[in-house]
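**Student:** Got a structure for you, questions after.
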Amino acid sequence: MVDSLVKQQKIEITNVSHSYSLDDHDLPVLEEIDLTIEPNEFVVILGPSGCGKSTLLRMVAGLERPEQGSIKANGEEIIAADPSRIVVFQDPTLFPWLTVRQNVELGFKIQKKKDDKAISDMLEMIGLAGFDNAYPSQLSGGMAQRVALARALVNDPSVLILDEPLGKLDSLTRITMQKELVNLWRNKQFTGLMVTHDIEEALLLATRIIVMRQRPAHIIGEFKLDMDYPRHRDSEELLKIRREIFGLLGHKSDW
Amino acid sequence: MVDSLVKQQKIEITNVSHSYSLDDHDLPVLEEIDLTIEPNEFVVILGPSGCGKSTLLRMVAGLERPEQGSIKANGEEIIAADPSRIVVFQDPTLFPWLTVRQNVELGFKIQKKKDDKAISDMLEMIGLAGFDNAYPSQLSGGMAQRVALARALVNDPSVLILDEPLGKLDSLTRITMQKELVNLWRNKQFTGLMVTHDIEEALLLATRIIVMRQRPAHIIGEFKLDMDYPRHRDSEELLKIRREIFGLLGHKSDW
Amino acid sequence: MKQIVKNAYWPQIVGAVAWLATAGLTYFIPNADDFPRTTTFAVVCLGIAILSAISLPLNKVRYYGAWILALALFIGIWEVVQAKLLLLPRPFFGAPQELLDVFITDWAKLLNSLAHSMMLLVGGYLLGCIIGFVIGVGMGWSKLFGYWAHPVLRFLGPLPPVAFLPLLFAVIPSSFVAGELLMAFAASFPVAVLTWSGIAGVNPSYYDVAKTMGAKPLFLIRHVAIPAALPFVFVGMFMALGSCFYMLVVAEMLGVKAGLGFYMQWAQGWAAYPNMYAALLIMAVMCTSFMTLLFKVRNRLLRWQKESIKW
Amino acid sequence: MKQIVKNAYWPQIVGAVAWLATAGLTYFIPNADDFPRTTTFAVVCLGIAILSAISLPLNKVRYYGAWILALALFIGIWEVVQAKLLLLPRPFFGAPQELLDVFITDWAKLLNSLAHSMMLLVGGYLLGCIIGFVIGVGMGWSKLFGYWAHPVLRFLGPLPPVAFLPLLFAVIPSSFVAGELLMAFAASFPVAVLTWSGIAGVNPSYYDVAKTMGAKPLFLIRHVAIPAALPFVFVGMFMALGSCFYMLVVAEMLGVKAGLGFYMQWAQGWAAYPNMYAALLIMAVMCTSFMTLLFKVRNRLLRWQKESIKW
Amino acid sequence: TEMDTAFPNVGAPVKIEGAPRKVTLAWSADSICTAAFPVAQQKGFFKKYNLDVNFIDFAGSVDQMLETMSTGKADGASGMALRWLKPLQQGFDVKLVAGLHSGCLHLLAPQNGSIKTLAELKGKTIGVGDIGGPAKNFFSMRFKEIGIDPEKDVNWRQFPEDMLPLALKRGAIQAAGLDDPLAHLFQTKNQLVSIDSNMEGKWQHIACCVVGLRGSLIRKEPMVAKAITQAILEAGQWVHHNKMEAAKMFEPYAPKVSAQELAAILETEGTHEQSVGKQLRDNVVFYADELKKIGVFPQSLNSETYANKVTQDLFTG
Ligand SMILES: Nc1ncnc2c1ncn2[C@@H]1O[C@H](COP(=O)(O)OP(=O)(O)OP(=O)(O)O)[C@@H](O)[C@H]1O
Ligand SMILES: Nc1ncnc2c1ncn2[C@@H]1O[C@H](COP(=O)(O)OP(=O)(O)OP(=O)(O)O)[C@@H](O)[C@H]1O
Ligand SMILES: [Mg+2]
Ligand SMILES: [Mg+2]
């Protein structure tokens, strides 16, 4: 198991293939994925729906094991979930029986820590300061997703795995949260691995963008972005990469 | 009641204000909204989360009545829901006990119509041709939303009210559906009224964009777009309007 | 309707008048037979009339105005039909004053019976809930436990617990304990089935969330599986309470000295129907109160849950 | 566990051997008292041993291998403890062959009782479900209906239906009908409460969707409210079936000619415990079969629902 | 059959004309005491009176049996007098027309225990199947007779009847009041002895089980009422003379009990003690007076009036 105190983690995904069995036939989901994520990188994965992105993230998190290939963190095989690698799942999956604050506190409770101020600050940051005692059923989808984000971030992970974390937010909140994510990542120095279906979001956040093809997922494109933050969405460089990605994903340039 | 056979509808929203009572205090949601939608227009509303956009759409649909002001369709006050004005709700709200096909057929069942081919074509169009007998619980969020869209479109409405209909789709499917929406609107000649939080989507679809401020919602900007379809997302004209809208919504131009 | 009834004064006013009328006809029309406590009963009706008149300003009471009226009509008609005209076959149908008479003469015994029944009920019910819960958690969590417990549960669970009475009694020395166990058995089956269902149905993503934060199995059971299953557990407890009410009469055959079921059996053996219905009335109040209490507890514990069983 | 047991051959093999051993000791060790059908019982054990040996290739049977073994041990120990050593107090505990004897000598009566009980059960249960469903829909849909029905339901619902027996019996001319009604009453309460809860909890957006497409109230009830409430209705029907099993014994006190509850009471009146347990065994099989049937129906009707009560 | 002198004179058999009269009788297969019912059916006594009898079996409480008749679901039934007399006071439309036999209540105590007589039970606990039932009432009267206050000087506890031996064994009770057949069966199976019964003293000539008929039947069709009673009484007489054969006939109704044992039970009872008319009425008066003493009947009850109301003489006048 990886020591939780190791702040920097290098993730090595080597030749990973995976398939699910579905009604007696095999459904290949991942095919020969090779990807190394250096500490302090922020890698964003783009790919069509159902190609296997979430599956890959679950493996990095240690919730599932690949059929073939290996996934290592700092050279050690990932065999189980570990609190040093926190996941924000595609669905908020807040515990409905806990209040917003208790949900955000979940990691602390498991680790038997106590830090009220950290929780309050985090609630402040996601703009839900007044909602401490609200239950998830009282939140909108966007609010719930922000709480899920807070629940992960408050644990100060060394690897943060984000599965479409901003998908349910309206554009304004989304822009705010994107900014916050970048700031957090730059301050806290975690390794970021994120899936999104918003190309613009990828362009604004990533140090590297990985493009996957339809199932079985395989890496068909990689873009290194070394522009500074904050980036401007209308900058010619970004627009150019955007066109390329659209092309890779099979869309003609008319839209 | 508006005759269902009237194909063209002109919607007049005059001086509409509304508030909800929440824990003994009043929550003003809409304030003096004035908006006229001509037949064949495709009006898109943008505004911050929770400002009251869905409330306005519900009123146009006839599901709720405004406290003040009036909403008319072809000069007649809207007092109840009518099958000539079909809504795609923000949540898919598919009936979980019906299959995908039965869900899409719902309007026909209510109207005691039968048209298997129309249903099949519609399922084809939204890319769920093989999923006739699947239940909503077996669909992904994006698939469910497409079914909800199909359920509305198949009724051939004269007014189509869309409340963030593409919010849960991945970017590729989203682009496809945007194209389909434009095609449908141009072929079927319905009046379109749509809410979205994706500015780009608004730019690609709308003949007119309405921008609202935070609750109580009030119209703070209006943009007429008379470019041809299909529009190109990187065209300078659209980028300019985008910057203006970002500005209106309170975002500096750095992102 | 709620709105209409809440706002209208007339049902309660008419209701008060109707109670007054019932009091009057009880007092003034002569009885067809020798019924006890007729005057007392008239006074009680008068009292209700006055009470409903003075509670007119209370919104909550006014909402039940139509009920006050309906009850007055019901009691009034009953009084006339039975006490004054003797139209219904006796002894199955008594007159209202006969019921009143039982309460006045036998209240000590009834109260004692109530206390005993409540003790039996609460003890057996809580014990059964705990047993059922533990079995349910075991089945939901451990495949091995489920392998052995599942067939047993399916086979023995739906059986009327009465059937176990002889065996239970043969094995358990104390008849009070045997009674409690009978109740516990009745309660444990639904709780076990629903706890099990609840735990088996927990969204596996909840476990994933907790696991990525370092949760160990004990944490997963205590802080994920059980809270997530609670709404189901509650449905089981609701069913269990109903079963326990059913069992009360049976469990009180076991060497008890007092109890509502015991009292009812005795009254029935003597065809003393007014006594039986008096005990029944108390039992109804007890049952509905326990149910209400259970739902109060639920609403506190599960306030995060939106839709559920209504009461 | 499931995996392990499914794949392992040894539990079933050992089980077959254990049944063989039980057959042997039944036959060869002399009885401590005069028990009937000892040889027959040994033959039956032998038969089970052979059956479990030849069914070894069947995956489904093999999964229950550990159970085959456990049952052999249970029966073997019981046989030794009671038939051979007489260690348990009689007459409450019989020997296995005594039970077998009842089945062989009294099968016609038992079968007849089963048929009668099933008739009573099915009729009363279905009637109760329909009544409860109608009441529940009424309460969930109409405020006015709810205003009158709600207090009645809360007050009378949790009462053990036994309590209504004398009244019901006085009013209903046929005792068979009275029995059916008693069952129906037991079934209707949980179905009513849960149908009501289900309908009251329907997501109002479903109505909005149907309304914008022009649906009228009748369509909303039939095609929105009721299907949406069905999962709750089913939970109610599950509870109702349990209540009906409880009531079987009581309803069969009402002047019937045959019935399992009746048979059990009769056997108990003569302290003929083997007969009682034989009837109990049949009752258990009947109850669990009906439950399984109900869940089969549910799984067809509600196949769209993912998580629910397990059976 | 020849009339035995000990049996009451019920006059010449009545004959019902036409098609056999359909009659429904309620009985309880739990009691050998009413063996006359199946005997009357199987030996053709009912047929002789042109009656087509349909039995319904009763396992429930006695008030339901009375209700069955009172509400016309059955025309007649039989049961223990001590079980019927109290509910009859409540006004069921049921009349007692005959006493069938005497003696079927026993107070049981362990064979080798310290309790040998009623008097020794002072301060002790007695188990009964039903706290308002015949055993409790009868032995209360017996205690009263010897100067023990049945409410204060002894305790009564209720258990399911078949569990009373176990309760005795455990010491939860020191004696058990039971009726046949369990009273008899438990004596042999559980090493118990009967220390008192209603075959003692004057009680052996008092009706233990009685036959009751629907009031409306007696009023509207007295001949049918008479025929039913005659058939049952005649069957009862046959039982008296042919105990072993009667026991064999009853065997199917008694699980796991041999005909010999059933016949033995019949031997212990006063199967010849039938009563009708005035004798029955006097029995009821006697019962009422005794029940008043132990507080089951109110002091204000006039025993004569009560007896006249609940009995019917079908055979004189
Ligand atoms: N446990 C499972 N069993 C069987 N099939 C599965 C399982 N989990 C996922 N799949 C299938 O594997 C494929 C990839 O799923 P995955 O969730 O990784 O896709 P994704 O790229 O995250 O899609 P999306 O963008 O819609 O979230 C899908 O076709 C899905 O149906
Ligand atoms: N039935 C209601 N009762 C009370 N308050 C309500 C009700 N419906 C909506 N609201 C409140 O009214 C405000 C506007 O809601 P509305 O759903 O119209 O917002 P919206 O603009 O559609 O937001 P979003 O972009 O998140 O969908 C919100 O603050 C909401 O909490
Ligand atoms: Mg995914
Ligand atoms: Mg909205």
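The values are calculated or read from the model by the stated rules, or taken from the named source; none is laboratory data. Treat the numbers as computed from the prediction; the structure is a model and nothing was measured. Don't worry about glycine lacking a Cβ; one is built from the backbone with ideal geometry, like all the others, and counts go over all protein chains shown. In case anyone asks, the SASA skips ligands and DNA or RNA and just uses the protein heavy atoms, side chains included. Shrake-Rupley method; radii C 1.70, N 1.55, O 1.52, S 1.80 Å.
**Student:** Quick one: which of E:Lys15/E:Lys47; E:Lys122/E:Lys152; A:Lys188/C:Lys216; B:Lys112/D:Lys306; E:Lys73/E:Lys95 span more than 19 angstrom between C-alpha atoms?
**Tutor:** Table pairs above 19 Å Cα-Cα are A:Lys188/C:Lys216; B:Lys112/D:Lys306.
**Student:** Follow-up. Name the residue farthest towards the positive end of the dipole of the protein assembly as shown from the options A:Ala81, C:Ile130, C:Ala170, assuming +1 on Cβ of Lys and Arg, -1 on Cβ of Asp and Glu, about the Cα centre.
**Tutor:** It is C:Ala170.
**Student:** I would also like to ask the following. Quick query: amide H of E:Phe55 versus all other amide H atoms, modeled in the peptide plane; which residues come in under 5 Å with a sequence gap of 5 or more or a different chain?
**Tutor:** Hits under the 5 Å cutoff: E:Leu25.
**Student:** In whole Hz, with x marking every Gly and Pro, tabulate ³J(HN,Hα) for the stretch D:149-163 from phi via Karplus 6.51 cos²θ - 1.76 cosθ + 1.60, θ = phi - 60°.
**Tutor:** Ordered by residue, 3J(HN,Hα) equals 7, 4, x, 4, 4, 5, 7, 8, x, x, 5, x, x, 3, 4 Hz.
**Student:** What are the residues whose amide H is under 5 Å from the amide H of B:Thr191, where those residues sit 5 or more places off or on another chain and H is modelled from the backbone?
**Tutor:** Residues meeting the criterion, in which the H sits 1.01 Å from N, are B:Gln9, B:Asn40, B:Val159, B:Leu160.
**Student:** Within 10 Å of each Cβ in peptide C:246-252, how many partner chain Cβ atoms are there on average? Round it to a whole number, please.
**Tutor:** Per-residue shielding by partner chains comes out at 4.
**Student:** Put +1 on the Cβ of every Lys and Arg and -1 on every Asp and Glu Cβ in the protein assembly as shown; which of C:Leu121, E:Ala307, D:Phe262 then has its Cα farthest towards the positive end of the dipole?
**Tutor:** Positive-end residue among those listed: E:Ala307.
**Student:** Say R0 is 41 Å: what FRET efficiency, to the nearest 0.05, do B:Asp91 and A:Leu239 get from their beta-carbon distance?
**Tutor:** FRET efficiency, B:Asp91 to A:Leu239: 0.75.
**Student:** Please list the equivalent ellipsoid semi-axes of the stretch A:37-150, computed as the square roots of five times the alpha-carbon gyration tensor eigenvalues, in descending order and whole angstrom.
**Tutor:** Numbers: eigenvalues 168, 60, 35 Å².
After scaling each eigenvalue by five and taking roots: 29, 17, 13 Å.
**Student:** From the P(r) of the stretch E:214-317, can you give the percent of Cα pairs sitting at distances over 19 Å? List each step's numbers first, then the result.
**Tutor:** Numbers: 3230 of 5356 pairs.
Looking at the stretch E:214-317, the distances longer than 19 Å represent 60 percent of pairs.
**Student:** Give me the dipole magnitude in Debye, nearest 20, for the stretch C:141-260 about the Cα centre, with unit charges on the beta carbon: positive for Lys and Arg, negative for Asp and Glu. Present the calculation step by step, with values, prior to reporting the outcome.
**Tutor:** Details: 6 positive and 3 negative charges, 66 e Å.
Roughly 320 debye for the stretch C:141-260.
**Student:** Just the C-alpha atoms of chain E: what Rg/Rh do they give, with Rh taken as the Kirkwood radius? Could the numbers behind the result be given before it?
**Tutor:** Numbers: Rg = 19.1 Å, Rh = 19.8 Å.
That ratio equals 0.96.
**Student:** What percent of all Cα-Cα pairs in the stretch A:92-156 falls in each 10 Å bin, counting up from 0?
**Tutor:** The calculated distribution, bin by bin, is 25, 62, 13.
**Student:** Could I ask something else about it? Can you give the three extents of the C-alpha atoms in chain A along their principal axes, from longest to shortest, in whole Å?
**Tutor:** Each principal axis gives a Cα extent; for chain A these are 47, 42, 37 Å.
**Student:** Springs between alpha-carbon pairs under 10 angstrom, Gaussian network model over chain C: which of C:Gly138, C:Gly24, C:Gly94 fluctuates most?
**Tutor:** Judging by the Gaussian network model, the answer is C:Gly24.
**Student:** Using the Karplus equation 6.51 cos²θ - 1.76 cosθ + 1.60 (θ = phi - 60°), what ³J(HN,Hα) coupling, rounded to whole Hz, does each residue of the stretch B:191-208 give in order, writing x for Gly and Pro?
**Tutor:** 8, x, 9, 9, 10, 8, 10, 9, 4, 4, 4, 4, 5, 7, 9, 6, 8, 8
**Student:** What is the local net charge at B:Glu12, summed over the other residues whose Cβ is closer than 11 Å to its Cβ (Lys, Arg +1; Asp, Glu -1)?
**Tutor:** -2
**Student:** Ok, one more. Counting Lys and Arg as +1 and Asp and Glu as -1, what is the net charge of the other residues whose Cβ lies under 13 Å from the Cβ of C:Leu281?
**Tutor:** On the way: positive: none; negative: C:Glu98, C:Asp106.
Within the 13 Å Cβ shell, the charges total -2.
**Student:** Output wanted: per-residue J couplings in Hz (rounded whole) for the stretch C:102-110, from phi through Karplus 6.51 cos²θ - 1.76 cosθ + 1.60, θ = phi - 60°, x for Gly and Pro.
**Tutor:** Once θ is set to phi - 60°, the couplings for the stretch C:102-110 become 4, 4, 6, 7, 10, 4, 5, 5, 4 Hz.
**Student:** Need one word for the stretch E:26-118: rounded, prolate or oblate. Basis is the Cα gyration tensor (sqrt eigenvalues a ≥ b ≥ c); a/c below 1.5 gives rounded, then a/b vs b/c decides.
**Tutor:** Oblate, since a/c reaches 1.5 and b/c is not below a/b.
**Student:** Another question about this same structure. Based on the Cβ-Cβ distance of C:Thr292 and D:Ser205, what FRET efficiency does E = 1/(1 + (r/R0)^6) give at R0 = 25 Å, to the nearest 0.05?
**Tutor:** 0.20
**Student:** Figure the gain on full extension for C:Ile54 and C:Leu25 (residue separation times 0.36 nm, minus the Cα-Cα span) and round it to one decimal in nm.
**Tutor:** 8.2 nm
**Student:** Take every residue in peptide E:147-159, count the Cβ atoms of other chains within 10 Å of its Cβ, and give the average of those counts.
**Tutor:** Working: counts 0, 0, 0, 0, 0, 0, 0, 0, 1, 1, 5, 11, 6.
Mean partner shielding for this stretch: 2.
**Student:** Compute the separation of the alpha-carbon centres of the stretch D:283-310 and the stretch C:13-36 and state it in Å as a whole number.
**Tutor:** Using only Cα atoms to place each centre, the spacing works out to 53 Å.
**Student:** Which cross-chain or sequence-distant (5 or more) residues have an amide H under 5 Å from the amide H of E:Asp196, H modelled 1.01 Å from N in plane?
**Tutor:** E:Leu107
**Student:** Now for a different question. Consider just the alpha-carbon atoms of the stretch D:10-88 and return their Rg together with their Dmax, both in angstrom.
**Tutor:** Taking only Cα atoms of the stretch D:10-88, I get Rg and Dmax of 13.0, 41 Å.
**Student:** May I ask for the angle, rounded to the nearest 10°, between helix C:65-78 and the longest principal axis of chain C, with both axes built from Cα atoms and the value confined to 0 to 90°?
**Tutor:** 60
**Student:** If all Cα-Cα distances of the stretch D:186-280 are sorted into 10 Å bins from 0 onward, what percent lands in each bin, rounded to whole numbers?
**Tutor:** 16, 28, 19, 16, 12, 8, 2
**Student:** A further question on this structure: Please sort by residue number the trypsin sites (Lys or Arg not before Pro) in the stretch C:162-257 whose DSSP state is loop and whose Cβ has at most 16 other Cβ atoms within 10 Å.
**Tutor:** Values: sites: C:Lys211, C:Arg222, C:Lys257; in loops: C:Lys257.
Answer by residue number: C:Lys257.
**Student:** Further question: Quantify how strongly other chains surround peptide D:142-149 by giving the mean number of their Cβ atoms within 10 Å of each of its Cβ atoms.
**Tutor:** Mean shielding count: 3.
**Student:** I need the Debye-formula profile for chain D: one equal scatterer per C-alpha, no solvent, reported as log10 I(q)/I(0) at q = 0.12 1/Å, two decimals.
**Tutor:** Debye intensities relative to I(0), on a log10 scale: -0.96.
**Student:** Where Lys and Arg each count +1 and Asp and Glu each count -1, what net charge lies around E:Glu120 among other residues with Cβ under 14 Å from its Cβ? Walk me through the intermediate numbers first.
**Tutor:** Values: positive: E:Lys116, E:Lys122, E:Lys124, E:Arg142; negative: E:Asp153, E:Asp196.
Charge balance near E:Glu120 sits at +2.
**Student:** What is the P(r) of the protein assembly as shown, as percent of Cα-Cα pairs per 10 Å bin from 0?
**Tutor:** Percent of pairs per bin, in order: 1, 7, 13, 16, 16, 13, 11, 9, 7, 5, 2, 0, 0.
**Student:** Can I ask one more? What FRET efficiency comes out for D:Val285 versus D:Asn112 if R0 is 22 angstrom and r is the Cβ-Cβ distance? Round to the nearest 0.05.
**Tutor:** It comes to 0.90.
**Student:** Follow-up. How many nm is it between the label spots at C:Lys306 and A:Asp121, if each spot is 7 Å from the Cα in line with the beta carbon?
**Tutor:** Result for the modelled spin labels: 3.5 nm.
**Student:** Relative to the first principal axis of the alpha-carbon coordinates of chain E, what is the inclination of helix E:277-293, with its axis defined by its Cα atoms, in degrees from 0 to 90 and to the nearest 10?
**Tutor:** On a 0 to 90 degree scale, this one is about 30.
**Student:** Let me ask something else about it. Considering only protein heavy atoms, with the full assembly of protein chains and a 1.4 angstrom probe, order A:Thr36, C:Thr39, A:Thr191 by accessible area, largest first.
**Tutor:** C:Thr39, A:Thr36, A:Thr191
**Student:** Okay, next question. What is the dipole size for the protein assembly as shown, taken about its Cα centre, with +1 at each Lys and Arg Cβ and -1 at each Asp and Glu Cβ, in debye to the nearest 20?
**Tutor:** That gives a dipole near 1100 debye.
**Student:** In degrees between 0 and 90, to the nearest 10, how far off the longest principal axis of chain E does helix E:134-145 point, with axes built from Cα atoms?
**Tutor:** Helix E:134-145 sits at roughly 60 degrees to that axis.
**Student:** Please give the charge dipole size of the stretch D:98-301, origin at the Cα centre, charges +1 on K and R Cβ atoms and -1 on D and E Cβ atoms. Round to the nearest 20 debye.
**Tutor:** Values: 10 positive and 6 negative charges, 173 e Å.
Around 820 debye, computed over the stretch D:98-301.
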